[in-house]
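Chemist: I am attaching a structure below and will ask some questions about it afterwards.
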Amino acid sequence: MTTMPTKIPEFIWGRKFPKITIDHEKCTVPFLCKKCLQVCPEVVFHVERVMQREKRLEEMDPRIDGNFVLQAPRRDKCTVCNQCIEVCPVGAITIEAPEQVPFRIKGKGEQWGQ
Amino acid sequence: MCYLCEQFGNPEYGGGTWYLNPFNYARNMYKLRAPGEGFKGADAGLETGAHSGPTIMDLMNAIECNDVAEYQRIRQIMQEQGQGGQVVPLADADRVLELCSPIGLIACLCRKGVRAIDERNELEYTCMGMGVGMLKWERWPERYKGGTKFVNIDEAKEWNHEMDKRGFCHILMLFGAPFIGGFCQCDYPDCQALRNAVDFGVGTLKSHYLAVVDYDKCNGCGICAQRCQWGALKYEVTSEKPNIDLFKCFGCGLCETGCPRGAISLIRREAVPAVSEVWL
């Protein structure tokens, strides 16, 4: 196994990712609704059926509340474009954008030794 | 040589390539459990996908904490768990399908997860399962919704070529190395295995091949640029020909099979020293 990824990742080390919270009280049938899943340009969301031990071997009806749960596992790719918030019919998604640290160039031309 | 070939290849079968070793398709997927014992990872949280051990979330946390050493440690553990698999070009895929049995077409779990696409019949299926695990599909009605369509070798090859034409690349999936249990048809960003490999460098290994362009044959039509799932091949405006970054190339062969003029060919990874051991 090579020790480093061969691709330099598009993220910068130490970058903070957006925090996406989904209110599962409001979002109850994500597999039927699927609006955020289809609108997200970066495919951040993921819908998963519940994994409780006793329901593991059962078929899940997507119409029943809570059988499928929406998650946002790929938040590293979230651009906070807010399209999912606009499209959500029940207002279950909130996104907290990471703080942007401003960057300043320190020199004022003197580095060229004029 | 990739570490899967080193550990699971057999020189007598397929020249030591691990996925051409028929024994890797024969191992029983399901281990016997003591009575009353649940499956491993049953109590793991939703976000882990019922796998025990570190996840992509842990990798993200390491990036946020600017902890390169922790990132590499987690990657190492994830590779050692023997999940993931390897990208296989179409010509090798045909040889793979001659080795395993039974072969079943099934619904894709990744597309179900990320886009809530419910594939319910054999015309919609975009995933292929193989080996003894397929015979137990009835146990998981939610996973194998619509059932499994068992196919013979010729049907499987034909279906695989069809998927290649549509622009999916082929990834052999390990279900606990060395057991090969699936043949995913993947694209970015829907496929989780492919996405983990491209975004985080974990899981799926690059194939034993690399794509190279014959610039004399190429007429610059740009079809290959539409087919690359890895961000490796781009259309170079200056030369009006494709340009392949061999460090990013996963050797899936989609550009090769899509090229109408046969200008792209696959070469062995060993032939290019700087990337010959670049598997992730």
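Chemist: For peptide A:39-48, compute the average count of partner chain beta-carbon atoms within 10 Å of each residue's beta-carbon.
Modeler: Values: counts 0, 3, 1, 1, 7, 2, 4, 10, 5, 7.
Average neighbour count from other chains, rounded to a whole number: 4.
Chemist: Residues with beta-carbon under 11 Å from that of residue B:166, excluding residue B:166: net charge, scoring Lys, Arg +1 and Asp, Glu -1? Spell out each step's value before the answer.
Modeler: Details: positive: B:165, B:227; negative: B:162, B:164, B:187.
Its environment carries a net charge of -1.
Chemist: Dipole magnitude of the stretch B:209-275 about its Cα centre, charges +1 at Lys/Arg Cβ and -1 at Asp/Glu Cβ only, in debye to the nearest 20? Numbers along the way, then the final one.
Modeler: Values: 8 positive and 7 negative charges, 29 e Å.
Charge dipole, the stretch B:209-275, about its Cα centre: 140 debye, nearest 20.
Chemist: Going toward the positive end of the dipole of the protein assembly as shown, with +1 on Lys and Arg Cβ and -1 on Asp and Glu Cβ, which of B:160, B:54, B:219 do you reach last?
Modeler: Result: B:54.
Chemist: Take peptide B:108-118, look around each residue's Cβ out to 10 angstrom, count Cβ atoms belonging to other protein chains, and average those counts.
Modeler: Details: counts 0, 1, 1, 0, 6, 11, 10, 8, 15, 3, 4.
So the per-residue partner count for this stretch is 5.
Chemist: In peptide A:72-83, how many Cβ atoms from other protein chains are near each Cβ within 10 Å, on average?
Modeler: Details: counts 1, 11, 7, 2, 8, 3, 0, 0, 0, 0, 0, 0.
If you average over the peptide's residues, the count of other-chain Cβ atoms is 3.
Chemist: Quick check: net charge around residue B:150, other residues with Cβ under 14 Å of its Cβ, Lys/Arg +1 and Asp/Glu -1? Before the final figure, lay out the partial values.
Modeler: On the way: positive: B:136, B:149; negative: B:122, B:138, B:154, B:155.
Overall, the nearby charge balance is -2.
Chemist: Please tell me which of these pairs span more than 20 angstrom C-alpha to C-alpha: B:112/B:157; B:217/B:241; A:16/B:112; A:35/A:77?
Modeler: Numbers: B:112/B:157 24 Å; B:217/B:241 10 Å; A:16/B:112 29 Å; A:35/A:77 18 Å.
Violating the 20 Å Cα-Cα cut-off are B:112/B:157; A:16/B:112.
Chemist: Just rank B:215, B:125, fewest to most, by other beta-carbon atoms within 10 angstrom.
Modeler: Details: B:215 11, B:125 21.
Lowest count first: B:215, B:125.
Chemist: Something else about it: Summing Lys, Arg as +1 and Asp, Glu as -1, what charge do residues with Cβ under 13 Å from the Cβ of residue A:37 carry, residue A:37 excluded?
Modeler: Numbers: positive: A:34, A:35, A:74, B:111, B:112, B:115; negative: A:42, A:48, B:118, B:190.
After counting each charged neighbour, the total is +2.
Chemist: Right, here's the next one. Can you give me the relative contact order of chain B as a percent, contacts being Cα pairs under 8 Å and 6 or more apart? Working shown, then result.
Modeler: Values: 490 pairs, mean separation 51.6, N = 280.
Relative contact order here is 18 percent.
Chemist: Setting aside same-chain residues fewer than 8 positions from residue B:206, which aspartates and glutamates have a Cα under 17 Å from its Cα?
Modeler: Output for residue B:206: B:6, B:80, B:92, B:187, B:245, B:256, B:270, B:277.
Chemist: Separate question: Please arrange B:277, A:110 by how many other C-beta atoms lie within 10 Å of their C-beta, fewest to most.
Modeler: Values: B:277 13, A:110 7.
Going from least to most buried by this count: A:110, B:277.
Every number in this text was worked out from the coordinates using simple rules, so none of it is lab data. Note that the structure is a prediction, hence the values are computed from the model and not measured. As a convention, Cβ positions derive from the backbone with ideal geometry for all residues, glycine included, and neighbour counts pool all protein chains shown.
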